[in-house]
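Here the structure comes first, spelled out in structure tokens, and everything after it is commentary.
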Amino acid sequence: MKAVIFDFDGTILDTETAWYDAYCEVLAPYEVTLSLAEFAGYIGTYSQEFNQFLEKQTKGEKSQEEIRDLALTIHRKKMEEIVIREGVLEYLKEAKKLGLKIGLATSSTKEWLLPFLEKHKIRDYFEVIQTRDDVEKVKPHPALYLNVVQLMGILPEEAVAFEDSVNGLKAAIAAGIKCTIIPNPATETLIFENYHLKLSSMKEKPLREVISCISK
């Protein structure tokens with residue numbers, strides 16, 4: 001194994017649960033209940049269908065842009081208190097110590113991603129970063145992961161991906177990359193298939209042991 005590739009939203013920072021809570025608050029005045037199962041299906045990708053669904057729930061009183069702006073304001077406030085998920089920093093440090101290349105593949109934009117990486121002082125760990133800005137199609141399409149391994153100069157089978165969502169898992173597998181699933185509260189009820197390893201958090205196993213497990 002020559003590289004590790006991290007998803008961002010939900011994997012490094014649990015932005016997903018914060019988004020779910022934010023959308024629930026936006027929809028509350030309309031007496032709409034957004035189920036976690038409903039929301040979780042859209043995690044890990046960009047979906048116009050979800051935006052249309054939200055607009056319909058407000059009976060057209062709020063446009064997709066207005067709903068997104070309201071949710072974003074609530075989300076930003078929630079994110080002020082959120083810390084890096086358990087074990088992530090240890091994995092980054094261990095990967096560096098092991099001489100592994102470290103990449104990041106996210107369906108979010110660089111504008112969204114980079115301030116969080118800087119705030120939590122982890123930007124310099126990543127040799128390659130690919131975002132929505134770099135591809136025509138985001139996860140579950142494999143383009144993000146294929147770009148990362150190509151820029152690293154390695155084969156897909158020489159990397160392991162860390163994901164929290166079904167869409168992210170599908171993207172990694174489609175790219176030929178072995179995938180370790182680490183769900184968060186917003187994705188833990190999803191049905192994951194064809195993954196190589198599943199952990200409750202990165203604290204469960206050290207990186208060296210994860211690599212050993214999936215290399216067998």
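The values are calculated or read from the model by the stated rules, or taken from the named source; none is laboratory data. From a predicted model like this one, the values you see are computed outputs, not experimental measurements. We place every Cβ from the backbone using ideal geometry, glycine too, and count neighbours over all the protein chains shown. Note: areas computed on protein heavy atoms with side chains; ligands, DNA, RNA excluded. Shrake-Rupley method; radii C 1.70, N 1.55, O 1.52, S 1.80 Å.
Some points to look at:
- Angle between the chain longest axis and helix 48-57 axis [Cα atoms, degrees, rounded to 10]: 30 degrees
- The shape of segment 1-45 comes out prolate: with a ≥ b ≥ c from the C-alpha gyration tensor, a/c is at least 1.5 and a/b beats b/c.
- Each 5 Å bin, from zero up to the one with the longest distance, holds this percent of the alpha carbon pairs of the chain: 1, 7, 16, 20, 20, 16, 10, 6, 3, 1, 0.
- Residue ranking by accessible heavy-atom surface, 1.4 Å probe, largest first, among TRP112, TRP19 comes out as TRP112, TRP19.
- Kirkwood Rh and Cα Rg combined as Rg over Rh, evaluated for segment 32-128: 1.06
- Global geometry of segment 1-78, whether rounded, prolate or oblate, following the gyration tensor of its Cα atoms and the 1.5 cut on a/c: prolate
- Legend: Rg and Dmax of segment 104-216, from Cα coordinates, 13.8, 38 Å.
- Considering helices alone, the calculated mean residue ellipticity of the chain at 222 nm is -12500 deg cm²/dmol, with DSSP H runs of length four and up weighted by -39500 (n - 2.57) and normalised per residue.
- Cross-link reach is defined here as a Cα-Cα straight distance under 16 Å, omitting same-chain residues fewer than 8 places apart; for LYS77 the lysines meeting it are LYS119.
- Full-stretch length increase - LYS97, LYS198 - with 0.36 nm per residue and alpha-carbon distance subtracted: 34.0 nm
- The label point for SER35 and the one for ILE82, both projected 7 Å from the Cα toward the Cβ, are 2.4 nm apart.
- Between helix 15-27 and the chain there is an angle of about 10 degrees, using the helix long axis and the longest principal axis of the Cα atoms.
- Shown are TYR195, TYR30, TYR23, whose ranking by accessible area with a 1.4 Å probe and every protein chain present, most to least, is TYR195, TYR30, TYR23.
- Exposure of GLU118 as accessible area (Å², to 10), given a probe of 1.4 Å and all protein chains: 110 Å²
- Cα convex hull volume per residue for segment 140-202 (Å³): 76 Å³
- Difference of contour (0.36 nm per residue) and Cα-Cα distance, THR189 to ASP133: 17.2 nm
- Solvent-accessible area of THR189 with every protein chain in place, 1.4 Å probe, in Å² to the nearest 10: 90 Å²
- When a 1.4 Å probe is rolled over the protein heavy atoms, the share of accessible surface on segment 1-137 that falls to carbon and sulfur comes to 48 percent.
- Compared with the dominant Cα axis of the chain, that is its longest principal axis, helix 143-152 is turned about 30°.
- Whether segment 94-148 is rounded, prolate or oblate, judged on the alpha carbon gyration tensor where a/c under 1.5 counts as rounded: oblate
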